[in-house]
1. Would you calculate, for the chain, the mean residue ellipticity at 222 nm contributed by helices, counting each DSSP H stretch of 4 or more residues as -39,500 (n - 2.57) and dividing by all residues, to the nearest 500?
2. When the Cα centres of segment 38-54 and segment 190-208 are compared, how far apart do they sit, in Å?
3. Summarise the accessible area of segment 148-259 (1.4 Å probe, protein heavy atoms) by the percent that is carbon and sulfur.
4. Ordered by residue, what ³J(HN,Hα) values in Hz, to whole numbers, does segment 232-246 give under the Karplus form 6.51 cos²θ - 1.76 cosθ + 1.60, where θ = phi - 60° and Gly and Pro are x?
5. If you stretched the chain out fully between Ser108 and Leu89, how much longer would it get, using 0.36 nm times the residue separation minus the C-alpha to C-alpha distance?
6. Would you give the gap between the C-alpha center of segment 74-89 and the C-alpha center of segment 171-187, rounded to a whole Å?
7. Give me, ordered by chain and number, the residues 5 or more places off His70 or on other chains with an amide H under 5 Å from its own placed amide H.
8. Any idea what the dipole of segment 5-257 comes to, in debye rounded to 20, about its Cα centre with Lys/Arg Cβ at +1 and Asp/Glu Cβ at -1?
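The values are calculated or read from the model by the stated rules, or taken from the named source; none is laboratory data. Remember, it's a predicted structure, so these values are computed and weren't measured experimentally. When we count neighbours, we look across all protein chains shown, and the Cβ atoms used for this are built from the backbone with ideal geometry, even at glycine. The accessibility values were calculated without ligands, DNA or RNA, using every heavy atom of the protein model including side chains. Shrake-Rupley method; radii C 1.70, N 1.55, O 1.52, S 1.80 Å.
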Amino acid sequence: MRKPLVAANWKMNKNLNEVLDFAGEFSRKLPHGSVAKVDIVICPAFTHLAALTANSVLPGGVVVGGQDSHWEEKGAFTGCISPVMLKDLRVRYVIVGHSERRQYFSESSNMLAGKLTATLKAGLIPIFCVGEKLEERQTGRTFKVLEEQMTEALQFVPKELASDSSRFILAYEPVWAIGTGQNATPGQAQEAHKHLRGLLAWLWGAETAGQIRILYGGSVTPDNFAAIMACPDVDGGLVGGASLDAERFVKLIEIAAAR
Ligand code: PGA
């Protein structure tokens, strides 16, 4: 049985006061015992990681993640943050290959392979994002795009690092569903997740593939999440907009816990 995971991707949102307000409200509203049922990850801006990992700011067991990290441990890379630096801040997860990084920062599969490797080497858990654009879906290329994104990045990640099923998370995020209010239907999500699990099996074997958690992301809300979570190959959510509000984020966690 794969334990559900719900991750908040706050992107470039919230100032420090808003982060602390969220943490206070979230701590009050999160039902006791939630972390036993659901892994909960919050990915704020880098500048707010330390505030969230300070003692007792978040409920016990709720962990934080980075939204990105570099492929080197250190060096002349102005403006960048390495996985080792994130680890110093008690970060546990790193989002790798979000479509906004691919689109606005031209992140290639080669770069993502490096980021995945560096993240795993630092002992952090990557949340590796893949997903097709609208035009790719409309021209029937969804599976092909997923295959390319998976193999192009993962073939360069040392197998012994990535294939530990508890230390690797995949996220299916159709680009056309991100921030648009148009989520994938449960049927579309299940079909893509099943295909991704097949690709994982091809890469790392059926047993490992059966244990790796695959999150759905793209306009998840408390209204549509239960139906998506009911899909057999969906193991949680990577949530942008709806995670910015503590009450809505708690609702999503409750839905995942009820599965
Ligand atoms: P959204 O973003 O929930 O606002 O669509 C999801 C994501 O980008 O991870």
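1. On the way: 13 runs with 112 residues, N = 259.
Taken over the chain, the calculation gives -12000 deg cm²/dmol.
2. Going from one Cα centre to the other spans 29 Å.
3. Values: 2200 of 4280 Å².
It is 51 percent, rounded to a whole number.
4. Ordered by residue, 3J(HN,Hα) equals x, 9, 9, 10, x, x, 10, 10, x, x, 6, 8, 6, 9, 4 Hz.
5. Result: 4.1 nm gained on full extension.
6. 31
7. Correct list: Ile81, Ser82.
8. 280
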